[in-house]
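The structure appears right after this line, and notes come after that.
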Amino acid sequence: MRILFVDDEPRVLEALERSLFELPPEWEVECLPGATQALARLAEQEFDVVVSDMRMPGMSGAELLRQISIDHPAIVRIILSGHTGEDQALGATPVAHQWLTKPCSSQSIVATVSRVNALRETVGPELRSAAGGIGQLASPPHLYAELQRVLNNSRGSVDMIVGVVEQDPAMCAKALQLANSSFFSRAGQANDVRAAVARIGMHVLQALALERGVFSHGNTGVRPEDLAAMQRLAMRRALLARLLAPKALRDTAFLAALLCDVGVQVAAVMKPAATRAALARVARGSALLDAERAEGLPAHALAGAYLLGLWGLPEPIVEAVTRHHDGRRPHPSAVAVADVVHCAAALVEGFEPDAAVVAALGGEAWLENARREAEGMPS
């Protein structure tokens, strides 16, 4: 595990070096005073994680991370900054995977890097590069146009904005990433769209959408008509998950179910032709899981979970995306968001849910009621 810290403040680098004794012995750490030196070092040596200050003379931290995203997309990119203004957040949004604020304890740094390291170990280098290079997911054009309309409406309300954002996996994922970053986070995590929008604020969302075009297009190459079809399926799954979940889990279950297929856009970066062929199969009636297997694509559940975990989304959502086709229950007692999302996915997509998950949720009687709910939903 090789980590590169970049900061132009000597005292910060000295403090980091003093805290190195607390780092795991298998981690190798280097500290450099600027972006130019960092890029030169990256050309010589492979690193797994770069942690950079935001404001540096010459090339800023955001510019450094943008270049790294192009030249070394598999590297995990983290901003560590004492300047947490909204302009800083907006500048880092497309290029930073996660954010930390100064002063930051070595324990916090270790915890953050440990999480991303554990995540990296679940996937291979090709998928790391594909997901790491994605700054934003693509939104269906009709939803982006609707968001523009609402944000430009002087009478637009939070309810109207949430109503648009919660229909689109791309907007939800980016809002959750920002809301749970150290730029905006308060006590506790934001696990639903309303909490995320309230935390980052309407004017930040407006800047992302209108000034910077973050939601207008992604860099994944999925066709608009395929995005629209996936969004319709995601909404059916999310609405069913909300109906089936216990009250305390409804909003998180909705959001997790909406995000289940974002891994398709990761696959599109890795293998664009095979992804187009798989989505053509889906348009002809094949299940997505069967289509991606036929075309030799990575499992979209694993790819999506890696991307969302890389972006620092809450663990219940990442777990639900990971397990939405595989119902194995790592938590045998309490019902989890992942259990509900798995069953919602099974009923909407047409595969059999895991028996242990069904039993935990209420058995065959519960399942029959869930089937009736699914059958009564608009297609």
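The values are calculated or read from the model by the stated rules, or taken from the named source; none is laboratory data. What you see is a predicted model; the values in this text were computed from it and never measured. All Cβ positions, glycine included, derive from the backbone under ideal geometry; neighbour counts span all protein chains shown. For accessibility, only protein heavy atoms count, side chains too; no ligands or nucleic acids. Shrake-Rupley method; radii C 1.70, N 1.55, O 1.52, S 1.80 Å.
The share of Cα pairs per 10 Å bin across the chain, counted from zero up to the longest distance, runs 5, 24, 32, 25, 12, 3, 0 percent. Size estimate for segment 1-159 follows the Kirkwood approach: the inverse of mean 1/r over distinct Cα pairs works out to 17.0 Å. The accessible surface of segment 114-194, taken with every protein chain in place and a 1.4 Å probe, is 47 percent carbon and sulfur. Close amide-amide hydrogen proximity is noted between Leu80 and Ser52, Asp53, Met54, Leu100, each under 5 Å apart and 5 or more residues distant or on a separate chain (H modeled in the peptide plane; Pro and chain starts excluded).
Built from the Cα atoms of segment 24-73, the convex hull projects on average onto 3.6 nm², one quarter of its surface area. A simple packing score, the average count of other Cβ atoms within 10 Å per residue, orders the peptides 171-179, 55-63, 233-241 as 171-179, 233-241, 55-63, with the highest score first.
In this simple spin-label model, placing a label point 7 Å from the Cα along the Cα-to-Cβ direction at both Glu46 and Ala15 gives a separation of 3.3 nm. Whole-Hz Karplus values for segment 42-58 come out as 5, 6, 9, 9, 6, 10, 9, 9, 10, 10, 10, 5, 7, 8, 9, x, x Hz, taken residue by residue from phi with 6.51 cos²θ - 1.76 cosθ + 1.60 and θ = phi - 60°; glycine and proline positions read x. Across segment 290-306, coupling constants 3J(HN,Hα) worked out from phi with the 6.51/-1.76/1.60 Karplus curve, θ = phi - 60°, read 5, 5, 6, 5, 5, 9, x, 8, x, 4, 5, 5, 5, 5, x, 4, 5 Hz, and Gly and Pro carry x.
Evaluating 6.51 cos²θ - 1.76 cosθ + 1.60 at θ = phi - 60° for every residue in segment 244-250, the Karplus couplings come out as 8, 6, x, 3, 5, 9, 4 Hz, glycine and proline recorded as x. Peptide packing: for 256-267, 362-373, 286-297, the average count of neighbouring Cβ atoms within 10 Å per residue gives the ranking 256-267, 286-297, 362-373, highest mean first. Go from 0 up to the bin containing the longest alpha carbon distance in segment 1-52, width 10 Å each, and give me the % of pairs per bin. Histogram of Cα-Cα distances, whole percents per bin: 25, 56, 19.
Taking Thr93, Thr36, Thr112 in turn, the Gaussian network model of the chain (Cα-Cα springs below 10 Å) assigns the largest fluctuation to Thr36.
Counting only protein heavy atoms and a 1.4 Å probe, segment 310-367 has 38 square angstrom of accessible area per residue.
Each Lys and Arg adds +1 at its Cβ and each Asp and Glu adds -1 at its Cβ; summed about the Cα centre, segment 103-167 shows a dipole of about 140 debye.
Here the dipole of the chain is about 840 debye; that uses its Cα centre as origin and unit charges on the Cβ of Lys and Arg (positive) and Asp and Glu (negative).
For segment 205-335, the share of alpha carbon pairs falling in successive 5 Å distance bins from zero is 2, 10, 17, 22, 21, 15, 9, 4, 1, 0 percent. Averaged over its residues, segment 26-115 has an accessible area of 42 Å² per residue, based on protein heavy atoms and a 1.4 Å probe.
Of the residues Leu210, Tyr306, Ser333, the one whose Cα sits farthest toward the positive end of the charge dipole of the chain, with +1 on the Cβ of Lys and Arg and -1 on the Cβ of Asp and Glu, is Leu210. Net charge near Lys102, counting Lys/Arg +1 and Asp/Glu -1 over other residues with Cβ under 12 Å of its Cβ? Neighbourhood net charge equals -1.
Summed over the residues of segment 117-184 and divided among them, the accessible surface reaches 35 Å² per residue at a probe radius of 1.4 Å.
Fully extending the segment from Arg232 to Asp71, taken as 0.36 nm per residue of separation minus the present Cα-Cα distance, adds 54.5 nm.
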